[in-house]
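Throughout, read-outs are computed from the coordinates displayed, never taken from laboratory work. Every value quoted in this text rests on a predicted model; they were computed, and no experiment measured them. Here the Cβ is made from the backbone with ideal geometry for all residues, glycine too, and neighbour counts use every protein chain on show.
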Amino acid sequence: MHLSLPLLLSVSLFGIGVYGLLVRRNAILILMSVELMLNGVNVSLVAFDVYWADVLHAGQSMVIFVITIAAAEIGLGLAILLLLFRARRTIAIDEATELHEEAS
Amino acid sequence: MSERSLLSPTGVDIAFTLLGLVAVAAALMVVTTKQIVHAALWLVVSLGAVAGCYLVLTAEFVAWMQVLIYLGAVVVLLLFGMMLTRAPIGPSEELTGANRVVSLFAALAITAVLGVLIVDAFATTMIDIDGQKSTASVMGASLFRYWVLPFEALSVLLLSALVGAIALSQSDEEA
């Protein structure tokens, strides 16, 4: 099969993830967009692993590592979001502006 | 094999294209829908279609890991997060910020640059999908023979993430 097909899928998922990351306000939706971007990268890793027919299976092993790290990231991210929600009663990220410098 | 033209798709090509289209369409719904719970469910469709793509690419172990961890655990965690943060049920305009045009421009620019690069570099490259051996046993041997040190480091990382999440979610009175 063509190598460009999985790579185009990878690029599309990454671009859609970038759009969601930039346009969404709700922090949970932003986490979902990050997941989409990670999936895009995973598709290209698997595609190149199959393309090179790698004996060590470096690409697929790295995909498994990425999936694991994404799970850890979601767990910690949601814990932080719950703390934010407990303090603010909202998880809209553009309302969390305490670290912002005062406009002069 | 490598001399076949770009416009003669095989069955594998067609299956992958259909699954990829499902994945991309569902991903678009994830980033555009106005209902937050629907976004999570479209994420399930998208990640499931990507798992199907892994199966077509003969990466069966990765595909089942994707189903177990992403579809099983991550989406459920996200739904729990929505419930705990009182996410709005029903359509809501609050989910999307005001900088839609800039975001669209940035995303389209990134997609266009990467897409042109990839089509330019790999337009005629073919994957030999038939001679592949990456079953679960092959992947397991590879993981525990060559990648065992990163694997163990990851288990420590998962443990620390677990402890960190518990520490973060303890309320102040108990701490």
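Karplus-derived 3J(HN,Hα) values for the range B:162-169, using 6.51 cos²θ - 1.76 cosθ + 1.60 with θ = phi - 60°, are 4, 4, x, 5, 5, 4, 5, 8 Hz; glycine and proline are entered as x. Each residue of the range B:128-143 was assigned a 3J(HN,Hα) from its phi angle through the Karplus curve 6.51 cos²θ - 1.76 cosθ + 1.60 (θ = phi - 60°); the sequence is 8, 7, 7, x, 7, 10, 9, 6, 4, 5, 5, 5, x, 4, 5, 4 Hz, with glycine and proline shown as x. Calculate, for B:M83 and B:A121, the FRET efficiency according to 1/(1 + (r/R0)^6) with r their C-beta to C-beta distance and R0 45 Å; round to the nearest 0.05. Calculated transfer efficiency: 0.50. Compactness check for the range B:11-131: Cα Rg over 2.2 N^0.38 Å is 1.27.
Each principal axis of the Cα cloud of the range B:107-147 was evaluated for its coordinate range; sorted largest first, these ranges are 41, 24, 14 Å.
Shielding of peptide B:97-110 by partners, expressed as the average count of other chain Cβ atoms within 10 Å per residue Cβ, is 4. The mean number of partner chain beta-carbon atoms within 10 angstrom of a residue's beta-carbon across peptide A:91-100 is 1. Given +1 at the Cβ of Lys and Arg, -1 at the Cβ of Asp and Glu and no other charges, the dipole of the protein assembly as shown around its Cα centre is 460 debye to the nearest 20. Remark on B:M126: its backbone amide H falls under 5 Å from those of A:L3, a criterion applied only to residues 5 or more positions apart or on other chains, H modelled at 1.01 Å from N. Taking amide hydrogens as placed 1.01 Å from N in the peptide plane, the amide H of B:T96 sits under 5 Å from those of A:R25, each at least 5 positions away in sequence or on another chain.
Once you reduce the range B:99-175 and the range A:27-104 to the center of their Cα atoms, the two points are 9 Å from each other.
Neighbour counting of Cβ atoms within 10 Å sorts the residues A:Y51, B:Y146, fewest neighbours leading, into B:Y146, A:Y51.
Rounded to the nearest 20, the size of the Cβ-charge dipole of chain A about its Cα centre is 320 debye, with Lys and Arg at +1 and Asp and Glu at -1.
Computed about the Cα centre, the dipole magnitude for chain B is approximately 220 debye when only Lys and Arg (+1) and Asp and Glu (-1) carry charge, each at its Cβ. Along its three principal directions, the equivalent ellipsoid of the range A:18-99 from the Cα gyration tensor extends over semi-axes of 34, 14, 7 Å, largest first.
GNM remark for chain A: springs join alpha carbons under 10 Å apart, and the peak mean-square fluctuation among A:G40, A:G15, A:G75 falls on A:G75. Peptides A:42-50, B:132-140 ranked from most to least packed give A:42-50, B:132-140, packing being the mean of other C-beta atoms within 10 angstrom over each peptide's residues.
If you add up the charges near B:F61, with Lys and Arg at +1 and Asp and Glu at -1, over every other residue whose beta carbon is less than 13 angstrom from its beta carbon, what do you get? Don't skip to the end; give the middle numbers.
Details: positive: B:K133; negative: A:D49, B:E60.
Spelling it out: positives minus negatives among the neighbours equals -1.
What fraction, in whole percent, of alpha-carbon pairs in the protein assembly as shown exceed 28 Å separation? Of the Cα pairs, 41 percent sit more than 28 Å apart. Taken residue by residue and averaged, Cβ atoms of other chains lying within 10 Å of the Cβ of B:9-21 number 3. The phi-based Karplus calculation (6.51 cos²θ - 1.76 cosθ + 1.60; θ = phi - 60°) puts the 3J(HN,Hα) values of the range B:149-160 at 5, x, 4, 5, 4, 5, 5, 5, 4, 5, 4, 5 Hz, whole numbers, x for Gly and Pro.
Would you mind putting A:88-97, B:60-69 in packing order, based on average other-beta-carbon counts within 10 Å, highest first? Intermediate values should be presented prior to the final figure.
On the way: A:88-97: 13.6, B:60-69: 19.4.
Answer by packing, highest mean first, reads B:60-69, A:88-97.
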